[in-house]
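Down below is the structure, laid out as structure tokens.
No lab work stands behind these numbers, since they all come straight from the coordinates. Everything quoted here is computed from the prediction, not taken from an experiment. Here the Cβ positions follow ideal geometry from the backbone for every residue, glycine too, while neighbour counts run over all protein chains shown.
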Amino acid sequence: MEANNVEKRFNDWFTVSYDRLRNLVGRYGALDEDNFHDTYLFVRKQVLNPEREITDYEAYFIGCYRKAFMAKFRLESKYAHPDEYFFLRCGEDADFLSPDDLNSCEKLVKDILNFIRRKFSYQEYRMFTLRFYESDFSFKALGECMGISASAISGKVNTIMDTVRSNRGSSWRSQMLAVEGFIS
């Protein structure tokens, strides 16, 4: 019963504080919608953990948001980003390309997309491709388009990403590509 009270208290606080939180975290740069929703899910999970005693939700939320924002910033600045048409060339309409025309990175991307298409529902596949390959939809925008909550989409996309990361074949090939890029 106590867990229900903690959950209700946190959800009530978040509902009342939503706009203020968005303004506060927006001061650190442009508001990252996905990070905001991921932070909500993380903080909610931590608050509901009976071993954690979080009393200042706002300070904890802002701290978690900033930490995730900075980690994402460091990670993003570490990699080169392909042009906007890179992944489109590997999509469903790319059958006209022969396998010899694709370099090893493009082959890996195509294999990952095929793996996701086989392993998950078409709706989940579309969420993933709309989020990362065909456009740069935020979880909020995807939720509005698909008629489900941003947190549900975030959870599904994160599940797909974890599944791809745990797939031994694509994980090994990604590591080999990184080594090749480092050596050459």
(message) Just the residues that are without any contact (Cβ under 8 Å) to a residue 12 or more places away in the chain and not in a helix (DSSP H, G or I), please, taken from segment 122-166.
(response) SER135, ASP136, PHE137, GLY147, ILE148, SER149
(message) Looking only at segment 21-55, filter to residues that are without any contact (Cβ under 8 Å) to a residue 12 or more places away in the chain and outside any loop (DSSP other than H, G, I, E, B); which one of those is surrounded by the most Cβ atoms within 10 Å (Cβ to Cβ)?
(response) GLY26
(message) Pairs needed: first member in segment 6-17, without any contact (Cβ under 8 Å) to a residue 60 or more places away in the chain; second member anywhere, of a type outside the set (A, V, I, L, M); C-beta distance under 6 Å; at least 6 residues apart or different chains.
(response) TRP13/TYR57
(request) Report, ordered by the first and then the second residue, all pairs with beta carbons closer than 6 Å, sequence separation of six or more or different chains, a first member in segment 106-121 that is over 16 Å from ASP162 (Cα atoms), and a second member that is surrounded by fewer than 18 Cβ atoms within 10 Å (Cβ to Cβ). (result) LEU108/ARG173
